[in-house]
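Step one of this worksheet: look at the structure below.
The values are calculated or read from the model by the stated rules, or taken from the named source; none is laboratory data. Just so we're clear, the structure is a prediction, and the values are computed from it rather than from any experiment. Please note: Cβ atoms are built from the backbone with ideal geometry, for glycine as well, and neighbour counts cover all protein chains shown. Ligands, DNA and RNA are stripped out before the accessible areas are found, and what is left, the full protein with its side chains, is counted by its heavy atoms. Shrake-Rupley method; radii C 1.70, N 1.55, O 1.52, S 1.80 Å.
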Amino acid sequence: MKIIETNSYEELSRIAADLVGAQVILKPDCVLGLATGSTPIGLYDNLIARCKDGTLDFSAVRSVNLDEYCGLDGSNDQSYRYFMDTHLFNHVNIDKENTHVPSGLAADLAAEGEQYDAMIRELGGIDIQVLGIGLDGHIGFNEPDDHFTGPTHEVELDPSTIEANARFFASIDDVPRSAITMGMASIMQARKILLLASGANKKEIMDKALFGPITPQVPASLLQIHPDVTVICCYK
Ligand code: F6R
């Protein structure tokens, strides 16, 4: 595991864009695993700037997102599909047909999960997976539990996650109670992982995840056994 601690969020975002950008240059039809949330917004801004100045070409890139709320369609401004469109896809030359977000509207979410993992396998697997981390150690929507999760699946959101995400909704009652997320097995199969953490409030859980025992009570701790993880963090 390589850990890069930066002095600012801007530096974190620039280095993250260097790594993701290098992946796109090395393999123009790579599969990017993407995350939502506040942390990767600076990364996406950098990727947009580099596409606009001609440094990066997304025309052959494929993408898969980690997760989506249940019950929100892509036109809902709180859906993760909407987030990805507005923060990245609408501003780079990626073919939207090549961008994938699990559907939280599927009638059969178990089947949707199986199809999503099969689709990732058909794409050839994820070349680099971008991750943020929740204050409870979740990655994707894999919440603390008594076992590590496997494939893409439906989850009930933890009260602390509902509370943390309420800032994006009109009221906490509007936050969906469940989501569909890539499981820990789906995430761990990515060839490379880029974990981003920003803010003083992330330091405690990051110390647990990176240096504490590997336990499903801190889902991100499983990353300790992945062979190719880069962590970029800024605790200021
Ligand atoms: C987002 C996701 C979540 C976030 C995490 C951190 O797709 O899967 O695990 O990465 O909740 O969110 P922020 O970056 O808002 O602190």
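Assorted remarks:
- Each Lys and Arg contributes +1 and each Asp and Glu -1, all at the Cβ; summed about the Cα centre of the chain, the dipole is approximately 860 debye.
- Residues Phe211, Phe168, Phe58, Phe83 ordered from highest to lowest accessible area at a 1.4 Å probe: Phe211, Phe168, Phe83, Phe58.
- The alpha carbon convex hull volume per residue for the chain rounds to 114 Å³.
- Span-like helix ranges in the chain, DSSP H, alpha carbon extent 20 angstrom or more, Kyte mean at least 0.5: 9-26
- Residues Asp57 and Ala118, FRET efficiency given R0 of 35 Å [Cβ-Cβ distance, rounded to 0.05]: 0.80
- Residue with peak Gaussian network fluctuation, the chain [Cα springs, cutoff 10 Å], from Ala170, Ala22, Ala60: Ala170
- Here the range 83-182 is assigned +1 on the Cβ of each Lys and Arg and -1 on the Cβ of each Asp and Glu. Its dipole about the Cα centre then comes out at about 340 debye.
- Of all accessible heavy-atom area on the range 66-215, the percent that carbon and sulfur account for (1.4 Å): 50 percent
- Percent antiparallel among DSSP beta bridges (both partners in the range 2-234, rounded to 5): 25 percent
- Taking amide H as placed 1.01 Å from N in the peptide plane, Leu34 has its amide H under 5 Å from the amide H of Val64, Asn65, Leu66, Val130, each at least 5 places away in sequence or on another chain.
- Considering only Ala16, Ala166, Ala197, the mean-square fluctuation computed in a Gaussian network model of the chain, springs between alpha carbons under 10 angstrom, is largest for Ala166.
- Note on His147: accessible area approximately 100 square angstrom, rounded to 10, probe 1.4 Å, nucleic acids and ligands left out.
- Potential lengthening between Ile225 and Asp174 on full extension [0.36 nm per residue; Cα-Cα distance subtracted]: 14.7 nm
- A Förster radius of 25 Å, combined with the Cβ-Cβ distance separating Asn201 from Asp77, puts the computed FRET efficiency at roughly 0.50.
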